[in-house]
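Presented below is the structure to which this report refers.
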Amino acid sequence: MSYVKGLRCRECSRHYPKEALFVCEYCFGPLEVGYNYDKIKEALTKDVIESRPKNLWRYRELLPIDGKPTDGLNSGFTPLVAAHNLAKALGVKELYIKDDSVSHPTLSFKDRVVAVALSKAKEFGFNVVACASTGNLANAVASQARAARLKSYIFIPSDLEMTKIVGTLIYGPTLVAVEGNYDEVNRLCSEIASKYKWAFVNINIRPYYAEGSKTFGYEIAEQLGWKAPRHIIAPCAGGSLITKIWKALKEFKEIGLLDGLNTKMYAAQAAGCSPIVNAVKENSDIIKPVRPKTIAKSLAIGNPADGYYAVNTVKESGGWAESVSDEEIVDAIKLLAETEGIFTETAGGVTLGATKKLIAQGRIPKDEVIVVSITGNGLKTQEAVIDKIGKPIKIKPSLESFEKLVNA
Ligand SMILES: *Cc1c(COP(=O)(O)O)cnc(C)c1O
Ligand SMILES: [Zn+2]
C-alpha cells in the first residue's frame, strides 16, 4: 500500500507520475513528493509508530516508497540528548542535542536520505547508484550500496578530508575525485546523469532522497513526547535538511500527531560559505552564489539547490539565520565535547556556534525549548581540531615518571 500520490512541481504545482523525475518540464521548478494525508491519518497513529522497530521506517507511510523498505533497516532513531551541561554553559533552561553523529552505519544524517534513495532506486530497477558529495553522502552511498548489492559511482571535490575519503574507499566504490569545488562536481554530475542510466541519489532521485531528511524532524517530535520544540537550529549545505525538518513538523500537525506547531527554524552556515544566511539577513529570497572557503567542507555548497526553500522555511517559521567563523566552529566543537561528551564534525561546530550567537543576541530566548541538530561525527574531520586540543603527555614506563607528572 502506497500513500504517495505522485510528484508535484514546487513552483507551478503541475503533477507528475512517481518516476525518476526531478525537474518540471514547464517551469524548471524542482519536483516534490505528494502524499494522501487523509489516508495516512487513518493508518499512522502514535500507537502504530511506537509499536515499530526503532529505525527511520517507523514513519514509512510518510516516506516515498511503494513496497517494503529494503535499505537502512538499522538507520535512524538516534538519541535526543537532554544537554544539561551545555544548557548551563549557554545560560538557557532546556536544550537538546539531536545526535546524528552516531547514525548507523556511517555516522552522519546522510544515512537517512540514502536509506530512502536506495530503497526507491531499487523499486525503479536501477543497478547503479551515484552521487555528488561533500563527503558524508559519499560515505553513506558507498556503504549502503554495498549492503544493497548495488554498484556505486561517487564524485567528490578532490580536496576533501582524508577521513571522508578513507571512509568511502573502504567499501570499494568507484570514487572519482574531481579537481574543482562541490558546485563544479555537481554540475558535472548533472551532465553525467542525463547521459547514463544511473540513480544519482541527489540529482534524478532527489525528490525521493530528500524525503529521508524528514525523519530527523519526526524523531525530534516523537522523542519530545509528541511535541515540537520552540526552536530548532539546523546546518545548511544545499538547504534540504532544514526545509524537510519543517515539512516533517507540518505533516505531523496535518495528520494529528502534533496538537500545534509553534517552532522557529534557524539556518546555520560557515561564514566562508553562507549564501542562505546572507539572503535571510538581507531579507531577500534570491540566493547569491558564493565561492566556498571554510573548514566546514560538508557544508561547502556555494550554490545551494534548495537555498530558496531554506530561506522560505526560516521566514515562514519566524526564525533567523547566523554564520560563524572557522575559529568559532572549532570553539563550538570543543564546547560540545567538553560539556556533553559528544564529538561532532565541523558541521556540528557550525550549528552549535550559530546557536550560541543566536542566544547571545537574544534571538533565541533563554527559557524556551531548543533543539540543536548535530548531523555528523567528529572523527571524520579530525584535521579541523588536531592542532587545537593539546597533546598527550609522554612519560617513562615507571611510577616515578608518572608521579613527577602528577605532582608537577
Ligand atoms: C549534507 C550535510 C548537511 C546539510 O544538508 P543539506 O540538506 O544539503 O542542507 C548538514 N550536516 C552534515 C554533516 C552534512 O553532511
Ligand atoms: Zn513547474
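Using each residue's phi in segment 4-13, evaluate 6.51 cos²θ - 1.76 cosθ + 1.60 at θ = phi - 60° and report the 3J(HN,Hα) Karplus result to the nearest Hz, with x for Gly and Pro.
7, 7, x, 9, 9, 6, 6, 9, 9, 6
For Cα pairs less than 8 Å apart in space and 6+ apart in sequence, what is the mean separation divided by the residue count of segment 1-47, i.e. the relative contact order in percent?
Taking the mean separation of contacting Cα pairs over the length of segment 1-47, I get 40 percent.
How far apart, in nanometres, would the label points at Glu94 and Glu282 be if each is projected 7 angstrom from Cα along the Cα-to-Cβ direction?
3.8
What percentage of all Cα-Cα pairs in the chain are separated by more than 28 Å?
Above the 28 Å cut-off, the chain has 45 percent of its Cα pairs.
Can you give me the solvent accessible area of Lys227 with a 1.4 Å probe, rounded to the nearest 10 Å²?
Rounded to the nearest 10, that gives 130 Å².
What order, most packed first, do the peptides 332-343, 209-220 have when packing is the mean number of other Cβ atoms within 10 Å of each residue?
Going by the mean number of other Cβ atoms within 10 Å, highest first, we get 209-220, 332-343.
Can you compute the charge dipole magnitude of segment 59-125 about its Cα centre, using +1 on each Lys and Arg Cβ and -1 on each Asp and Glu Cβ, nothing else charged? Give it in debye, rounded to the nearest 20.
With only Lys, Arg, Asp and Glu charged at Cβ, the dipole is about 120 debye.
According to a simple spin-label model (label point 7 Å from Cα along Cα-to-Cβ), what is the distance in nm between Glu191 and Leu261?
4.0
Accessible area of Ile393, 1.4 Å probe, to the nearest 10 Å²?
Per-residue accessible area (Ile393): approximately 120 Å².
If you place +1 on the Cβ of every Lys and Arg and -1 on the Cβ of every Asp and Glu, how big does the dipole about the Cα centre of the chain come out, in debye to the nearest 20?
Dipole magnitude for the chain comes out near 440 debye.
Just Ala384, Ala248, Ala43 to compare: in a GNM of the chain, with alpha carbon springs under 10 Å, which one fluctuates most?
Ala43
Counting Lys and Arg as +1 and Asp and Glu as -1, each charge on the Cβ, what is the dipole of segment 6-107 about the Cα centre in debye, to the nearest 20?
Charge dipole, segment 6-107, about its Cα centre: 260 debye, nearest 20.
For Cys273, list long-range residues whose amide hydrogen, built 1.01 Å from N in the peptide plane, is under 5 Å from its own amide hydrogen.
Lys293
Mind listing the long-range amide H neighbours of Asp71? Cut-off is under 5 Å, sequence gap 5 or more, other chains count too, H placed in the peptide plane at 1.01 Å from N.
Here the answer is Ser119, since their amide H atoms fall under 5 Å of that of Asp71.
Taking the Cα centre of segment 1-108 as the origin and placing charges on Cβ (Lys, Arg +1; Asp, Glu -1), which of Leu7, Leu95, Thr78 is farthest toward the positive end of the dipole?
Toward the positive end, the furthest listed residue is Leu95.
Tell me the carbon and sulfur percent of the accessible area for the chain, rounded to whole percent, probe radius 1.4 Å.
For the chain, the apolar C and S fraction of the accessible surface comes to 51 percent.
Grab the other residues whose beta carbon is less than 13 angstrom from that of Gly135, score K and R as +1, D and E as -1, and report the net.
Value of the local net charge: 0.
Whole-Hz ³J(HN,Hα) for each residue in segment 341-349, computed from phi via Karplus 6.51 cos²θ - 1.76 cosθ + 1.60 with θ = phi - 60°, x for glycine and proline: what do you get?
x, 10, 9, 9, 7, 4, 4, x, x
Does segment 228-355 come out rounded, prolate or oblate by the C-alpha gyration tensor, with a ≥ b ≥ c the root eigenvalues, rounded set by a/c under 1.5 and, if not, prolate when a/b is larger than b/c and oblate if not?
oblate
Compare His84, His231 by solvent-accessible area with a 1.4 Å probe and give them largest first, with all protein chains kept in place.
His84, His231
Figure the gain on full extension for Ala82 and Glu25 (residue separation times 0.36 nm, minus the Cα-Cα span) and round it to one decimal in nm.
Gain on stretching Ala82 to Glu25: 15.9 nm.
Mind telling me which of Ser108, Ser398, Ser298 comes out most flexible in a GNM of the chain, alpha-carbon contacts under 10 Å?
Ser398
For Val176 and Lys41, calculate 0.36 nm times their separation in residues minus their Cα-Cα distance, and state this gained length in nm to one decimal.
My answer for the length gained is 44.2 nm.
How do Arg58, Arg146 rank by accessible surface area computed with a 1.4 Å probe, from largest to smallest?
The residues order as Arg146, Arg58, largest area first.
Taking θ as phi - 60°, what are the ³J(HN,Hα) couplings along segment 222-231 by the Karplus curve (6.51, -1.76, 1.60), each to the nearest whole Hz, with x for Gly and Pro?
4, 5, 8, x, 6, 9, 8, x, 6, 9
Note the full-extension length gain between Ser398 and Lys334 as 0.36 nm times their separation in residues minus their Cα-Cα distance, in nm to one decimal.
Full extension from Ser398 to Lys334 adds 19.9 nm.
Of Phe124, Ala142, Pro173, which is farthest along the charge dipole of segment 100-179 in the positive direction, counting Lys and Arg as +1 and Asp and Glu as -1 at C-beta?
Farthest along the dipole direction, towards plus: Phe124.
Between Arg149 and Gln382, what FRET efficiency follows from the Cβ-Cβ distance if R0 is 30 Å, with the result rounded to 0.05?
About 0.40, to the nearest 0.05.
Any chance you could look up the accessible area of Arg363 with a 1.4 Å probe, heavy atoms only, rounded to 10 Å²?
Result for Arg363: roughly 110 Å² accessible.
With a probe of 1.4 Å, find how much accessible area the chain has per residue, and write the answer as a whole number in Å².
Value returned for the chain: 43 Å² of accessible area per residue.
In terms of Cα to Cα distance under 18 Å, which aspartates and glutamates are near enough to Lys120, apart from those fewer than 8 places away along the same chain?
Hits, sequence-local ones excluded: Glu19, Glu32, Glu61, Asp66, Asp71, Asp111, Glu211.
Add -39500 (n - 2.57) for each DSSP H run of 4 or more in the chain, then divide by its residues: what number comes out at 222 nm, to the nearest 500 deg cm²/dmol?
-11500 deg cm²/dmol
Just to make sure I understand: if all protein chains stay in place, what is the order of Met162, Met265 by accessible area at 1.4 Å, largest first?
Ranked from most to least accessible, the order is Met162, Met265.
The values are calculated or read from the model by the stated rules, or taken from the named source; none is laboratory data. Quantities reported herein were computed from a predicted structural model and do not represent experimental measurements. Because the Cβ atoms are built from the backbone with ideal geometry, glycine has one as well, and the counts that use them run over all protein chains shown. Heads up: the accessible areas ignore ligands, DNA and RNA and are worked out on the full protein's heavy atoms, side chains in. Shrake-Rupley method; radii C 1.70, N 1.55, O 1.52, S 1.80 Å.
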